[in-house]
Amino acid sequence: MKTVRKSVCTMLSLFFVLPLVCACVGGQSGQGSASKAAPESGATSKSGTEKLELASVEDMVAGAPLAVKYDNVIIGKFESSTQVQTDYPKAASDCEEQIVNQLKSKKSYKNVTDDGTKKFSGKTAVVDLKIVDMRITSNAARMWGGVFVGSSFMDVMVEIRDAGSKKILHQRLLSTSNSAWAASYNGGSSDQSLPADFGVLIGEYFSKVIPAK
């Protein structure tokens with residue numbers, strides 16, 4: 001009888017605790033949506049900008065490249081809201097670092113930098129980025145809630161222009177999300193590495209849409 005009563009109590013505890021865990025996905029942006037599903041490629045954002053889901057370097061389809069070829073690429077502004085900066089203080093820097101590394105690994109451009117004050121000879125493309133929305137599931141939430149706390153995701157608006165010009169030549173809302181099942185299996189490591197992983201994908205995207213001389 002005691003065993004049955006203990007089992008019932010355990011089940012009731014899980015019933016009440018699990019929803020709380022699912023709600024407490026650590027560090028969720030005030031703009032984020034905990035129930036947001038993975039965005040569809042080709043969809044349009046609220047601003048009217050085309051949204052593109054980036055899943056892997058190997059299967060990436062970036063679309064038509066710019067008409068002009070470039071010698072250099074500069075990562076200009078990388079902005080985010082105060083809420084995102086508070087919840088995820090390293091997200092922008094981790095993402096930016098991997099964008100630069102990925103572009104440099106292509107060995108296609110003469111110069112690649114995140115120093116907006118730099119000036120180079122030749123044709124230079126400047127890329128400005130802004131984190132529009134994101135949600136990274138905390139390790140504690142993933143440990144207790146598993147797949148039920150959902151996927152982590154990140155949406156970044158990117159704009160490309162010529163150095164010294166304000167005219168936007170290319171604008172796209174890039175998005176990525178991880179697998180809640182895979183994140184549960186690997187202990188949440190793919191949640192925490194999402195900004196850096198996304199940086200690799202964004203860097204690869206830029207290498208496809210910014211042709212090198």
Does at least one position in the stretch 18-38 carry a residue that is outside any helix (DSSP H, G or I), open to solvent by 100 Å² or more (accessible area, probe 1.4 Å) and modelled with pLDDT of 95 or more? no
Name the pairs whose Cβ atoms lie under 8 Å apart, with the first residue in the stretch 50-75 and at pLDDT 95 or above, the second open to solvent by 80 Å² or more (accessible area, probe 1.4 Å) and not charged (D, E, K, R), and 6 or more positions between them or separate chains? Lys51/Thr44; Asp71/Ser121
The number of residues in the stretch 129-150 that are out of contact with any strand residue (DSSP E or B) (no Cβ under 7 Å at 6 or more places or on another chain) and modelled with pLDDT of 80 or more is 2
The stretch 182-210, subset at pLDDT 95 or above and touching a strand residue (DSSP E or B) at 6+ places or on another chain (Cβ under 7 Å), residue farthest from Lys69 (Cα to Cα): Pro195
Would you be able to tell me the number of residues in the stretch 151-177 that are crowded, with 23+ Cβ neighbours inside 10 Å, at pLDDT below 95 and either among the aliphatic types (A, V, I, L, M) or not in a strand (DSSP E or B) (or both)? 1
Only one of Val68, Val84, Val100, Val112 is under 12 Å from Ile210 (Cβ atoms) and surrounded by 15 or more Cβ atoms within 10 Å (Cβ to Cβ). Can you tell me which? Val112
Might you check whether a residue that is over 15 Å from the mean Cα position of the chain (by Cα), assigned to a loop (DSSP other than H, G, I, E, B) and either closer than 29 Å to Ser165 by Cα or modelled with pLDDT under 90 (or both) occurs anywhere in the stretch 87-107? yes
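The values are calculated or read from the model by the stated rules, or taken from the named source; none is laboratory data. Predicted model, so just to flag it, every value in this text is computed and none were measured. Heads up, the Cβs are rebuilt from the backbone with ideal geometry, glycines too, and the neighbour counts pull from every protein chain shown. The protein model used for the area step is the full one, side chains on, heavy atoms only, and it has no ligands, DNA or RNA in it. Shrake-Rupley method; radii C 1.70, N 1.55, O 1.52, S 1.80 Å.
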